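Taking it in order: structure first as structure tokens, then the write-up.
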Amino acid sequence: MRTEGTIEEYDVLPAGLAEQVAALEAQAWPGSSPGHDPALAPRAVLLLDADGRVAACLALLHKQVRLADGRTYDAAGLSGVVTRADLRGRGYGGRLVAAVRAGLAADPGVDLALFSCDRELVPFYEAAGFEVLPGTVLVGGTPAEPLATDAPGLDKTVLGAFPAGAAHDEGRADEVRAAFTGIRVPLYPGTVDRLW
């Protein structure tokens, strides 16, 4: 039996849940295409209500990021964070994002979480434990057709989280934070996910 606010992760969504997620994304981002590039190893993370309906959802994407100095990091990104319209303002989205952040912090295969959001959403993500990366720009799209978070009209802020604790070394977290602060990050996810 499900309790109110059960969080579940899926590599492949069952049909009924996939339809609910697609409907939520279509309401939030009319005209957008559903789904993510399989090369980004997408995982759907859902918060389900007591009836098993999607209350909030997001996609967790993964990619190795190579910086200009040749260092490579295993990054995770949040995408498509949305809460059902009739449940907004009740903390479901915040609870889902905070749970995902905690899961990433415990994952030894993740060096950092990195994503962008609209400026007005920064306090929401900070409350879940993410931090603003001053001067950091994500560059997505493709090398031939880049899309950067500082492009005119985008008004995005880049946020991150750097695992530290039992599974990670605090010094490593500080090193990764320093490596990703104030730089242009060559994300280049492709044509399906232009920015995650």
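The values are calculated or read from the model by the stated rules, or taken from the named source; none is laboratory data. Source: prediction; values computed, not measured. Don't worry about glycine lacking a Cβ; one is built from the backbone with ideal geometry, like all the others, and counts go over all protein chains shown. To get the accessible areas, we keep the full protein, side chains included, count just its heavy atoms, and leave off ligands, DNA and RNA. Shrake-Rupley method; radii C 1.70, N 1.55, O 1.52, S 1.80 Å.
Would you check if there is a residue in the stretch 39-47 being over 27 Å from GLU126 (Cα atoms) and either aromatic (Phe, Trp, Tyr) or touching a residue at least 24 places away in the same chain (Cβ under 8 Å) (or both)? Walk me through it before giving the result.
If we filter the stretch 39-47 for residues that are over 27 Å from GLU126 (Cα atoms), which is where we start, we get 39.
Filter again for either aromatic (Phe, Trp, Tyr) or touching a residue at least 24 places away in the same chain (Cβ under 8 Å) (or both), leaving 39.
Checked against the condition, which is being over 27 Å from GLU126 (Cα atoms) and either aromatic (Phe, Trp, Tyr) or touching a residue at least 24 places away in the same chain (Cβ under 8 Å) (or both), the stretch 39-47 yields at least one hit.
Set side by side, the residues ALA39, ALA15 differ, and just one is more than 28 Å from GLY141 (Cβ to Cβ) and not charged (D, E, K, R), which is ALA15. When LEU104 is tested against (1) within 29 Å of ARG53 (Cα to Cα); (2) assigned to a loop (DSSP other than H, G, I, E, B); (3) not hydroxyl-bearing (Ser, Thr, Tyr), exactly one condition is not met: (2). Filtered by the rule that a residue be touching a residue at least 12 places away in the same chain (Cβ under 8 Å) and among the acidic types (Asp, Glu), the stretch 77-114 gives ASP107, ASP111.
When VAL158, VAL192 are screened for being at pLDDT below 95 and more than 18 Å from ALA68 (Cα to Cα), only VAL192 passes.
Applying the set (1) part of a loop (DSSP other than H, G, I, E, B); (2) crowded, with 18+ Cβ neighbours inside 10 Å to LEU138 leaves exactly one unmet item: (1). Of the candidates LEU104, LEU40, LEU96, LEU48, the single residue that is touching a helix residue (DSSP H, G or I) at 6+ places or on another chain (Cβ under 9 Å) and open to solvent by less than 50 Å² (accessible area, probe 1.4 Å) is LEU48.
Taken over the stretch 161-189, the residue count meeting the criterion of being over 16 Å from the mean Cα position of the chain (by Cα), modelled with pLDDT under 90 and part of a loop (DSSP other than H, G, I, E, B) is 4. The residues of the stretch 115-138 that are closer than 13 Å to ASP150 by Cβ and in contact (Cβ under 8 Å) with a residue 40 or more places away in the chain, listed by number, are SER116, LEU133, PRO134, GLY135, THR136, VAL137, LEU138.
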